[in-house]
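Student: The structure under discussion is supplied below as structure tokens; questions concerning it will follow.
The values are calculated or read from the model by the stated rules, or taken from the named source; none is laboratory data. Bear in mind that the values here come from a model prediction, so they are computed numbers and not experimental data. Because the Cβ atoms are built from the backbone with ideal geometry, glycine has one as well, and the counts that use them run over all protein chains shown.
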Amino acid sequence: MERAVELEQGIHQLTFGREPLPGFPPPNAYLVFGSDTAVLIDTGWENEDDHRARAAYIREVNAPPVSEIIITHRHPDHGGGALHMHRETGAPLACHPNDREAIENDRLHGELHVADDLQHGDRRELGGLSLEAVWAPGHTSGSLALFAPERKALFTSDTVLAVSTTSIGPHDGNLADYMRTLEMLKDVDARIMYTGHGGPVKRPKARLNALIKHRHEREQAILNALRDGPLSPAELRVRIYKRLPQSRERLAERQLVTTLTKLIEEQAVVAEENDRYALR
Ligand SMILES: [Zn+2]
Ligand SMILES: [Zn+2]
């Protein structure tokens, strides 16, 4: 799938590049512009063909000059093309300070600094349209969402997806933060969420409630499984995820470790030897 579309006036979704996992949609970047200036939210993978397609589309829609490139978080499917799109547009980069170092090292290969920190509440005026930074830690500690109040549109990146739940990695993610972020996003008065992969979320509050419910159910399923005795992540995976394709087994185990980490912090579970977990 390769496409770019205007979602509403001045908001374009650019979807170029490969799927991160089989059957999981490629990353979305967004071109957002008002009467004065344009902002690019995310830059997709590091891939020459994708860069060319993105740059051609930006020229084609006659947007005002891109004045800033906002990288929503450190992952390669969102910030991989940052260096290229900076060179293409001349626009400086911005991100949340918590993901800055990872982005500079891993996405910019130390060749460029991120010019601006975007803190919660920072605002960019584009001319009749604005973007407000919403700090949304959890998927990564420096994950950002962006809110366009004039349209009540929230760009969620990977924090909220319509197609699946969000992966929270044990190393760069934190499930307790993520749960707090989902609650916080309910207070953002969003009409629609434009997401990091796949289509928009048209009923934001219902989606947020469903995601919160899913996480609580998953925690409960783990606690129930551990009633029979200590289990490893692989053993838990067999009990909790039914009919999982083999290609997703490791990802599922990583998700379980993330949830177990939260349960350990809450003193409900202890980590034992031999990579096993038990009820406290
Ligand atoms: Zn991500
Ligand atoms: Zn992603």
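Student: Does the range 167-179 contain any residue that is within 14 Å of Ala145 (Cα to Cα) and surrounded by 14 or more Cβ atoms within 10 Å (Cβ to Cβ)?
Tutor: Yes, that holds for at least one residue.
Residues checked against (1) in contact with a strand residue (DSSP E or B) (Cβ under 7 Å, 6 or more places away or on another chain); (2) assigned by TED's automatic domain parsing to the domain that holds Thr166; (3) farther than 18 Å from Glu68 by Cβ:
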| site | (1), (2), (3) |
| --- | --- |
| Pro92 | yes, yes, no |
| Arg107 | no, yes, no |
| His113 | no, yes, no |
| Arg123 | yes, yes, no |
| Val134 | yes, yes, no |
| Gly138 | no, yes, yes |
| Phe147 | yes, yes, no |
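Student: While we're here: Kindly indicate whether Glu88 is surrounded by fewer than 18 Cβ atoms within 10 Å (Cβ to Cβ) and of a type outside the set (Val, Ile, Thr).
Tutor: On the way: surrounded by fewer than 18 Cβ atoms within 10 Å (Cβ to Cβ): no; of a type outside the set (Val, Ile, Thr): yes.
The answer is no for Glu88.
Student: Continuing with the same structure: Which numbered condition in (1) within 16 Å of ligand 1 (Cβ to nearest atom); (2) within 24 Å of Trp135 (Cα to Cα); (3) free of Cβ contacts under 8 Å to residues at least 60 places away in the same chain is the only one that His86 fails?
Tutor: Going through the list (1) within 16 Å of ligand 1 (Cβ to nearest atom); (2) within 24 Å of Trp135 (Cα to Cα); (3) free of Cβ contacts under 8 Å to residues at least 60 places away in the same chain, His86 breaks only (1).
Student: For residues that are touching a helix residue (DSSP H, G or I) at 6+ places or on another chain (Cβ under 6 Å) and farther than 20 Å from Lys202 by Cβ, scanning just the range 130-168, find the one that is nearest to ligand 1 (Cβ to nearest atom).
Tutor: Thr140
Student: Is one or more of the residues making up the range 112-126 within 13 Å of ligand 2 (Cβ to nearest atom) and either more than 12 Å from the chain's Cα centre (by Cα) or within 23 Å of Leu14 (Cα to Cα) (or both)? Walk me through how you get there before you give the answer.
Tutor: First pass over the range 112-126, keeping only residues within 13 Å of ligand 2 (Cβ to nearest atom): none.
No: zero hits.
Student: Hey, among the residues in the range 67-85 that are more than 16 Å from ligand 2 (Cβ to nearest atom) and buried (at least 20 other Cβ atoms within 10 Å of the Cβ), which one's nearest to Ala145 (Cα to Cα)? If you could, list the steps in order and put the result at the bottom.
Tutor: Our first condition is that a residue be more than 16 Å from ligand 2 (Cβ to nearest atom); within the range 67-85, this holds for 67-69, 83-85.
Imposing the further condition that a residue be buried (at least 20 other Cβ atoms within 10 Å of the Cβ) reduces the set to 68-69, 85.
Values: Glu68: 15, Ile69: 14, Met85: 20 Å.
Applying the filter and picking the extreme gives Ile69.
Student: What residue, of Pro22, Pro26, is in the same structural domain as Asp106 (by TED's automatic domain parsing), more than 15 Å from the chain's Cα centre (by Cα) and closer than 21 Å to Ser164 by Cα?
Tutor: When all the criteria are applied, what remains is Pro22.
Student: Which of (1) at negative phi; (2) within 14 Å of ligand 2 (Cβ to nearest atom) is the odd one out, the single condition Gly44 does not satisfy?
Tutor: Gly44 satisfies every listed condition except (1).
Student: I'd like to verify a number: residues in the range 166-192 that are in contact with a Leu (Cβ under 7 Å, 6 or more places away or on another chain), in contact (Cβ under 8 Å) with a residue 60 or more places away in the chain and not hydrophobic (A, V, I, L, M, F, W, C), how many?
Tutor: Residues of the range 166-192 in contact with a Leu (Cβ under 7 Å, 6 or more places away or on another chain): 167-168, 182, 185-186, 188, 190.
Narrowing further to those that are in contact (Cβ under 8 Å) with a residue 60 or more places away in the chain: 167-168.
Narrowing the set further to residues that are not hydrophobic (A, V, I, L, M, F, W, C) leaves 167.
Qualifying residue count for the region: 1.
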